[in-house]
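Accompanying notes for the structure given below.
The values are calculated or read from the model by the stated rules, or taken from the named source; none is laboratory data. Computed from a predicted model, the values in this text were never measured in an experiment. Methodologically, a virtual Cβ is constructed for each residue, glycine included, from the backbone with ideal geometry; neighbour enumeration extends over all protein chains shown. Just the protein is used for accessible areas: all its heavy atoms, side chains included, with ligands, DNA and RNA removed. Shrake-Rupley method; radii C 1.70, N 1.55, O 1.52, S 1.80 Å.
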Amino acid sequence: ELCFKINDLQNGKKQPFYNMTKDGFVFLVMGFTGKVAAEFKELYINEFNRMADKLAVEQDDIALDALCIDWAQVTSNLTQAGRYLSVAGNQTKPSIEQRIAKIMLRKQPDLPNLDN
């Protein structure tokens with residue numbers, strides 16, 4: 001963007017300058033030609049690729065961390081479920097077996113005394 005600044009050393013004369021963002025500067029420089037421009041472009045591309053690689057590794061690290069947390073939770077849940085089933089089975093099995101035995105006894109017909 002073309003801007004003007006009052007220069008007190010030149011009797012208040014307007015002095016033009018350009019206000020430019022970093023992205024605007026890169027856009028402008030990418031249009032330059034020559035050895036220095038080519039070096040800048042190469043450095044810029046190399047840095048872009050380095051940062052993209054770093055982000056990809058960080059994303060993999062984040063995904064791996066999330067998977068490890070999920071795995072730990074699943075393993076913990078399965079362990080707890082196994083413990084519960086073992087305890088519940090040990091507590092419930094005798095009770096159920098006793099109830100079945102009582103019912104079976106009630107279902108057995110009384111046989112007459114055959115000693116006579």
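Right, Lys5: touching a strand residue (DSSP E or B) at 6+ places or on another chain (Cβ under 7 Å) and either in contact (Cβ under 8 Å) with a residue 40 or more places away in the chain or open to solvent by 60 Å² or more (accessible area, probe 1.4 Å) (or both) or not? Considered against the rule, which asks whether it is touching a strand residue (DSSP E or B) at 6+ places or on another chain (Cβ under 7 Å) and either in contact (Cβ under 8 Å) with a residue 40 or more places away in the chain or open to solvent by 60 Å² or more (accessible area, probe 1.4 Å) (or both), Lys5 comes out as yes. The set of residues from region 28-84 being touching a helix residue (DSSP H, G or I) at 6+ places or on another chain (Cβ under 9 Å), of a type in the set (A, V, I, L, M, F, W, C) and either open to solvent by less than 90 Å² (accessible area, probe 1.4 Å) or at pLDDT 90 or above (or both) comprises Val29, Met30, Ala37, Phe40.
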